[in-house]
Amino acid sequence: MTERARIYLSSPHMSGLEQQYITEAFETNWVAPLGENVDAFESEVASYIGSSGGVALSSGTAALHLALILLGVEKDDIVFCSSFTFIASANPILYQKAIPVFIDSELNTWNMSPIALERAMKEYAAKGKKPKAVVIVNLYGQSADYNKLKNICDHYDVPIVEDAAESLGATYSERMSGTFGEFGIFSFNGNKIITTSGGGMLVSENQTALEKARFYATQARDRAPHYQHSQIGYNYRLSNILAGIGRGQMKVLDQRIQEKREIFSFYNRELSKIKGISFMPEYFEGKSTRWLTAMSIDPDFIECNIMDIVKHLDKLNIESRPLWKPMHMQPLFKDAVYYNHVEDLDISQKLFKYGICLPSDTNMSSENQQLCCKEIYKAIRKL
Ligand SMILES: *Cc1c(COP(=O)(O)O)cnc(C)c1O
């Protein structure tokens, strides 16, 4: 038997156009965290999403950290944050020694529950407290329900940081993901829909804030002929080489979205026939990129558990993962306050227990996707 290569959840998928930008950077010796590629990548991403500007950074986490700094988040401040997410959404809250309060998801989008958010806002307001920011995450390529969430945040006058690390290219209410908050952030990590091998971007309509972000991201160096510093700074800028990869990737972003959506459609068609299987819904207000196809099983109809499927696929050298383990279930946040969707219904916990991300790699052949379907079926039926 010939060795089949591992099938991945989502691996880097180059367009072939990246090399040209990298070569230009080498030829002009701009092998540095500044240069033409950085500037062009920033304006290409900003113009794609219809935002007035962006700052290219070393990671999405760095972008989140700077967003919190720019919103003045400090020690002992309260920051509301989606519970159902990757830890990177919440870690920067701890970098600032602020206090995260986690908010559950809703079933329509799997993202932040407006009902839980409103309850949290109300209770904190009653205690005379107000969060400094709300970090709202768009999971697996789908936007959260910003019409409702933004109304609540506006009512209580709390700024939104939109964690769009997983949703570049998605839309909501005919607007691009990343443009709904005071700040939006993207990630170009290796597993995201496009990659720079590692990188991120902070976007905003607030040019003054973006200028400050550039300042903090380059060690907060004061304007002086010598090296002078009055504030804490960071080394968070993106290299001109990596920005070149990003420019080549931006050229195929729409194509990748199309491919991701086709991967989803195939799973949906093949596996929805099985009673007890359902997929992350696509909310009517928006269009998801389907960065990762996320599926859930109903224990009333399906006996196996999620880890049985993950293990079965792994034995065949196929990568899959349970959905994100909610932050309020993490040992790191065991003392954090949490607002579930409604009393006695913890949606993110349930999704974690019964949900799985399927291989959604645009490098995957259709034969291999068929194989994945067949093996998922076998795992579920315990064949
Ligand atoms: C990937 C990701 C991040 C962080 O991005 P990095 O570039 O890896 O730092 C933040 N939030 C979410 C939801 C992510 O999936």
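Nothing in this text is a laboratory measurement; each read-out follows from the coordinates by a stated rule. As the structure is a computational prediction, the values presented were derived from the model and not from experiment. Cβ coordinates were reconstructed from backbone atoms using ideal geometry, including for glycine residues, and neighbour counts include every protein chain displayed.
Cα-Cα over 27 Å: which of Lys251/Lys374; Lys130/Lys192; Lys130/Lys334? All intermediate terms of the calculation are to be shown ahead of the outcome.
Numbers: Lys251/Lys374 34 Å; Lys130/Lys192 33 Å; Lys130/Lys334 22 Å.
Among Lys251/Lys374; Lys130/Lys192; Lys130/Lys334, the Cα-Cα distance tops 27 Å for Lys251/Lys374; Lys130/Lys192.
Take the chain, connect every pair of alpha-carbon atoms lying under 10 Å apart with a spring to form a Gaussian network, then pick out the residue of Phe301, Phe186, Phe80 with the largest mean-square fluctuation.
Looking only at Phe301, Phe186, Phe80, the biggest GNM fluctuation is shown by Phe301.
So what is the orientation-averaged projected area of region 1-130, using the convex hull of its C-alpha atoms, in nm²? Mind dumping the intermediate values first?
Numbers: hull surface 53.9 nm².
Average of the hull's projected areas for region 1-130 equals 13.5 nm².
What FRET efficiency would be calculated for the residue pair Lys122, Glu174, taking the C-beta separation as r and a Förster radius of 30 Å, to the nearest 0.05?
0.50
Can you tell which of Asn340, Asn37, Asn305 shows the greatest fluctuation in a Gaussian network model of the chain with Cα springs below 10 Å?
Comparing Asn340, Asn37, Asn305 in the GNM, the peak value goes to Asn305.
Residue by residue through region 273-280, what is 3J(HN,Hα) from phi via Karplus (6.51 cos²θ - 1.76 cosθ + 1.60, θ = phi - 60°)? Round to whole Hz and write x for glycine and proline.
Coupling constants for region 273-280: 5, 6, 5, x, 9, 9, 10, 3 Hz.
Along the charge dipole of the chain, which of Asn235, Ala62, Met327 sits closest to the positive end, that is, farthest toward it, with unit charges on the beta carbon of Lys, Arg, Asp and Glu (+1, +1, -1, -1)?
Farthest along the dipole direction, towards plus: Met327.
Given contacts defined as C-alpha pairs under 8 Å and at least six residues apart, what's the relative contact order of region 153-197, whole-number percent?
On the way: 66 pairs, mean separation 15.9, N = 45.
It comes to 35 percent, rounded to a whole number.
Find the Cα radius of gyration of region 162-225, compare it with 2.2 N^0.38 Å by division, and give the number to two decimals.
Working: Rg = 13.9 Å, N = 64, 2.2 N^0.38 = 10.7 Å.
Working it through for region 162-225, the quotient is 1.31.
Normalised radius of gyration for region 115-188, please: alpha carbon Rg relative to 2.2 N^0.38 Å, two decimal places. Please list the in-between numbers first.
Details: Rg = 12.6 Å, N = 74, 2.2 N^0.38 = 11.3 Å.
Against the compact-globule rule of thumb, the ratio is 1.12.
May I ask for the net charge around Tyr339, where only other residues with Cβ less than 11 Å from the Cβ of Tyr339 are counted and Lys, Arg are +1 while Asp, Glu are -1? Provide the component values of the computation, followed by the final result.
Values: positive: Arg119, Lys122; negative: Asp104, Glu118, Glu123, Glu343, Asp346.
Within the 11 Å Cβ shell, the charges total -3.
Please report, to two decimal places, log10 I(q)/I(0) for region 40-193 at q = 0.08, 0.16 Å⁻¹ as given by the Debye formula with identical point scatterers on the Cα atoms and no solvent.
At q = 0.08, 0.16 Å⁻¹ the computed log10 ratios are -0.20, -0.82.
Give the separation of the Cα centroids, region 269-290 to region 320-383, in Å.
Distance between centres, Cα-based: 14 Å.
Return the whole-Å distance between the Cα centroid of region 70-112 and the Cα centroid of region 22-58.
Cα centroid of region 70-112 versus Cα centroid of region 22-58: 29 Å apart.
Sticking to Cα atoms, compute the Rg of region 253-381 to one decimal and its Dmax as the biggest Cα-Cα distance, whole number, in Å.
When restricted to Cα atoms, region 253-381 yields Rg and Dmax of 15.7, 47 Å.
Starting from a Cα-only point model with no solvent, please compute log10 I(q)/I(0) by Debye for the chain at q = 0.07, 0.09, 0.14 1/Å.
Normalising to I(0) and taking log10 leaves -0.32, -0.53, -1.21.
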